[in-house]
Amino acid sequence: MQHQNTHKAPCAGRSLVNRLCLCLTFWLLSLAIHADEAPTDPPITTLKTEGITPTPTQSTPRKVYLTNGDWPPYLSKDLYQHGFVSHIVSKAFKTQNIDVQYGFFPWKRAYTLAQQADPWVGSVVWSAKAEREIFFHYSDPILPIGTVFFHLTSKPLKWETYADLKGLTIGTTASYTYGAAFEAAQADGVFSIEEVPNEVLNLSKLLANRIDLIPMGKEVGYQLMREHKPEQVSMITHHPKFIKKVDYHLIINKQADAATALIAAFNKGLEALKASKEYDKIMDNEKEGFYKTETPPTTTP
């Protein structure tokens, strides 16, 4: 019995080896047959980079969600098209077949929500600051919002330097700042100032010839005149030279899907608005009071 067992052992060993070889063969054939079915990395549809140049693989969404705030006459949920700056942003995106959905919040909340990038991927409008550039791409400037001098149309103003304002009385507003050059000229006694709590009082004083000039934001000045001095709007105008100027931009969160593509699309749309003179038309309509209420005049821009 012992001899028989030692004689059969080699056969059993060969049988086991044959079975292992057969299994290995089938496994290798299976790999060859299914090689083309191996999983691959998904296609890149969005980029989250520091640059602002879109790549051909980026997919630009058809709708963008932006936070907004209350800053009449530029932005407000209570103005036609949510204010003329909101209208510029919407129209610029529309030229690229992108719709805009605004959400209106207090400014701090609007910024915080845009930082989260879901669903609010950006916000309008903001000045450029180093701390914001950490989180956001900036668009090309949408609008330079600047302070200018308002004066009576009956008293034309010519000025290039503050020395040209010698002897004049300027109506300022409490807590407002007008720039280092303005403050230096005031300290040197080039002109005198009379400070009041709000700009509407300054308009009354200007119309009464009690002051010569009012430094105000251009669009804000005309908005206040339309609201508070509608019968006397034609008596006041502004000098085009800025006392100070700040550019304002659309901001898009760098971590948002297709962030770079969205900025590029907006910039292209803004350029198209300006080339077609549609941008100028919006600005002219704003000056005429087109955006002052939720309901526009009969003629639509």
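Set Lys and Arg Cβ to +1 and Asp and Glu Cβ to -1, take the dipole of the stretch 184-301 about its Cα centre, and tell me which of Ala261, Leu224, Leu206 lies farthest positive.
Ala261
Taking θ as phi - 60°, what are the ³J(HN,Hα) couplings along the stretch 221-238 by the Karplus curve (6.51, -1.76, 1.60), each to the nearest whole Hz, with x for Gly and Pro?
With the stated coefficients, the stretch 221-238 comes to x, 5, 4, 5, 5, 5, 7, 10, 9, x, 7, 10, 4, 5, 7, 10, 9, 10 Hz.
Report the accessible area of Ile134, computed with a 1.4 Å probe over the heavy atoms of all protein chains in place, in Å² rounded to the nearest 10.
110 Å²
Once you put a point 7 Å from the Cα of Glu288 and another 7 Å from the Cα of Asp78, both along the Cβ direction, what distance in nm separates them?
With each label placed 7 Å out from Cα toward Cβ, I get 2.5 nm.
Which sequence of Lys166, Lys129 reflects their accessible areas, 1.4 Å probe, from the largest down?
Ranking Lys166, Lys129 by accessible area, largest first, yields Lys166, Lys129.
How far apart, in nm, are the 7 Å Cα→Cβ label points at Met235 and Lys166?
Here the answer is 3.1 nm between the modelled labels.
Between Arg109 and Ser154, what FRET efficiency comes out of the Förster formula 1/(1 + (r/R0)^6) with R0 = 51 Å and r the beta carbon distance, rounded to 0.05?
Working: r = 45 Å, r/R0 = 0.89.
So, using R0 = 51 Å, E works out to roughly 0.65.
On a 18 Å Cα-Cα criterion, which of the cross-link pairs Lys63/Lys129; Lys94/Lys281; Lys245/Lys281; Lys91/Lys281; Lys77/Lys274; Lys63/Lys268 come out too long?
In this structure, Lys63/Lys129; Lys245/Lys281; Lys77/Lys274 lie more than 18 Å apart at Cα.
Suppose all protein chains stay in the model; what accessible area per residue would a 1.4 Å probe give for the stretch 132-248, in Å²?
The answer is 49 Å² per residue.
Report, by chain and number, residues whose modeled amide H sits under 5 Å from the one on Ile142, excluding near sequence neighbours (fewer than 5 apart, same chain).
The answer is Tyr248, His249, Leu250.
Which ³J(HN,Hα) values in Hz, rounded to whole numbers, follow from the phi angles of the stretch 88-98 under the Karplus curve 6.51 cos²θ - 1.76 cosθ + 1.60, where θ = phi - 60° and Gly and Pro get x?
Calculated HN-Hα couplings, in order: 4, 4, 4, 5, 4, 5, 4, 4, 9, 6, 10 Hz.
Take every Cα pair under 8 Å in the stretch 187-296 that's 6+ residues apart, average their separations, divide by the length, and report that relative contact order as a whole percent. List each step's numbers first, then the result.
Values: 36 pairs, mean separation 19.8, N = 110.
Here the relative contact order equals 18 percent.
Give the separation of the Cα centroids, the stretch 204-271 to the stretch 75-138, in Å.
The stretch 204-271 and the stretch 75-138 have Cα centres separated by 17 Å.
Nothing charged except the Cβ atoms of Lys and Arg (+1) and of Asp and Glu (-1): what's the magnitude of the dipole of the stretch 123-172 about its Cα centre? Round to the nearest 20 debye.
For this selection, approximately 260 debye.
Give the ranking of Asp118, Asp70 by solvent-accessible surface, highest area first, calculated with a 1.4 Å probe.
In descending accessible area the options line up as Asp118, Asp70.
Residues with amide H under 5 Å of Thr172's amide H, sequence separation 5 or more or different chain, H placed in the peptide plane at 1.01 Å from N; which?
Those qualifying (amide H under 5 Å, at least 5 residues apart or on another chain) are Glu194, Glu195, Val196.
Charges at C-beta only: +1 for Lys and Arg, -1 for Asp and Glu. How large is the resulting dipole of the stretch 203-259 about its Cα centre, in Debye rounded to 20?
Value, rounded to 20: 240 debye.
For Ser234, what accessible surface area do you get with a 1.4 Å probe? Give it in Å², rounded to 10.
The accessible area comes out at roughly 100 Å².
Amide H of Gly83 versus every other amide H placed in the peptide plane: which residues, excluding those fewer than 5 positions away on the same chain, fall under 5 Å?
For Gly83, the qualifying residues are Ser76.
Counting only the heavy atoms of the protein chains, how much of Glu294 is accessible to a 1.4 Å probe, in Å² to the nearest 10?
Surface open to solvent at Glu294 totals about 120 Å².
Using the Karplus curve 6.51 cos²θ - 1.76 cosθ + 1.60 with θ = phi - 60°, work out ³J(HN,Hα) for each residue of the stretch 118-134 in order, rounded to whole Hz, and write x for Gly and Pro.
With the stated coefficients, the stretch 118-134 comes to 7, x, 7, 8, x, 7, 10, 10, 9, 7, 7, 9, 4, 5, 7, 5, 5 Hz.
I want to check the label-to-label distance for Val246 and Val196. Put each point 7 Å from Cα in the C-beta direction and report it in nm to one decimal.
2.4 nm
The values are calculated or read from the model by the stated rules, or taken from the named source; none is laboratory data. Note that the coordinates shown come from a computational prediction; the quantities given were computed from them, not determined experimentally. Positions of Cβ are generated from backbone atoms using ideal geometry, with glycine treated the same way; all protein chains shown enter the neighbour counts. All accessible areas refer to the heavy atoms of the entire protein, side chains included, with ligands and DNA or RNA removed. Shrake-Rupley method; radii C 1.70, N 1.55, O 1.52, S 1.80 Å.
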